[in-house]
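Q: So that we are looking at the same thing, I have put the structure below in structure tokens.
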């Protein structure tokens, strides 16, 4: 029986988890279980699989979640968004998840489909992620529900205080734990803990970690998702922009220092955006654990 993440959290004070995305090529799809096997052997607590912008990979997501759970007997969290679905469609997909014993869900509003600047809900769809949480909760206790958190505040939120109140709404609707967007200044995470505590959020908040391996790619990625790149990151990685080997080494060192500080400061675990690769995530985890 696949464990719910909420049950894992009752048993363990610290967890390590890995995020994958559905590969676009057959070669990438064939390789993903090999990558997952390495992390399974390391004792990773759970995996998660993204849903793709606009729900573009939704069928592949469920297939991968089911495959990894059957192959490795490890909980796999299914990312799930409101985008592109009516309420009836959302119910049917959740019913299919239940049939396949997929009991861990990350409930998200979701991003606008590619090419669209603004997100609008589908006819008879949901506008907010808390509504999706409520729908998942209507299935009783079968699902363990995670929600997204934004240490720097959501890109579309007017201020951080409002963002904290929105998180509280999601938790009151049935959210059980929080996975954060990536960040590179731990001050943002620790301030987020304080800010959300003030509005009554007491669930575990797992920091989302990305190891920097390419400075130019980092610039593009953060411009899209709204994450801030601190000056200290520019200072380290800009001079190395054309040296991938040096960038990799510096990126691992930076991630290890960041992870150690987070755990020392009380983070309940670490969630790694692996980009479907074993390295550098394996090296970072081994050094942090060591």
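The values are calculated or read from the model by the stated rules, or taken from the named source; none is laboratory data. Values in this document were obtained by computation on a predicted structure and should not be read as measured data. When we count neighbours, we look across all protein chains shown, and the Cβ atoms used for this are built from the backbone with ideal geometry, even at glycine.
Q: Kindly evaluate residue 218 against the criterion of being out of contact with any strand residue (DSSP E or B) (no Cβ under 6 Å at 6 or more places or on another chain) and surrounded by fewer than 20 Cβ atoms within 10 Å (Cβ to Cβ).
A: no
Q: Scan segment 211-253 for residues that are within 20 Å of residue 19 (Cβ to Cβ) and in contact (Cβ under 8 Å) with a residue 60 or more places away in the chain and report the count.
A: 5
Q: Yes or no: segment 186-196 includes at least one residue that is closer than 27 Å to residue 146 by Cβ, surrounded by 15 or more Cβ atoms within 10 Å (Cβ to Cβ) and under 16 Å from the mean Cα position of the chain (by Cα).
A: Yes, that holds for at least one residue.
Q: Quick test of your reading of the structure: residue 206 fulfils all but one of (1) in contact with a helix residue (DSSP H, G or I) (Cβ under 6 Å, 6 or more places away or on another chain); (2) in a strand (DSSP E or B). Name the failing condition by number.
A: Condition not satisfied by residue 206: (1).
Q: Working only within segment 167-185, note down all residues that are buried (at least 20 other Cβ atoms within 10 Å of the Cβ) and closer than 17 Å to residue 130 by Cα.
A: Within segment 167-185, 167, 170, 171, 173, 175, 177, 178, 179, 180 meet the criteria.
Q: Give the residue that is farthest from residue 232 (Cα to Cα), with candidates limited to residues of segment 158-195 that are touching a helix residue (DSSP H, G or I) at 6+ places or on another chain (Cβ under 9 Å) and assigned to a strand (DSSP E or B).
A: By that ranking, first place goes to 177.
Q: Sort through 288, 199 and tell me the only one that's within 30 Å of residue 28 (Cα to Cα) and over 17 Å from the mean Cα position of the chain (by Cα).
A: Checking each option against the conditions leaves just 288.
Q: If you don't mind, there's one more thing I want to ask. Take segment 248-283 and flag every residue that is under 26 Å from residue 6 (Cβ atoms), in contact with a helix residue (DSSP H, G or I) (Cβ under 9 Å, 6 or more places away or on another chain) and assigned to a helix (DSSP H, G or I).
A: 259, 262, 263, 281
Q: Okay, moving on. Pick from 90, 68: which is in contact (Cβ under 8 Å) with a residue 24 or more places away in the chain, touching a helix residue (DSSP H, G or I) at 6+ places or on another chain (Cβ under 7 Å), assigned to a helix (DSSP H, G or I) and within 28 Å of residue 157 (Cβ to Cβ)?
A: Exactly one of 90, 68 is in contact (Cβ under 8 Å) with a residue 24 or more places away in the chain, touching a helix residue (DSSP H, G or I) at 6+ places or on another chain (Cβ under 7 Å), assigned to a helix (DSSP H, G or I) and within 28 Å of residue 157 (Cβ to Cβ), namely 90.
Q: Among the residues of segment 21-41, what is the count of those that are surrounded by fewer than 17 Cβ atoms within 10 Å (Cβ to Cβ) and touching a strand residue (DSSP E or B) at 6+ places or on another chain (Cβ under 6 Å)?
A: Adding up the residues that qualify gives 0.
Q: Here are 18, 44: which of them is closer than 13 Å to residue 269 by Cα, modelled with pLDDT of 95 or more, part of a loop (DSSP other than H, G, I, E, B) and in contact with a strand residue (DSSP E or B) (Cβ under 7 Å, 6 or more places away or on another chain)?
A: Going through 18, 44 in turn, the sole match is 44.
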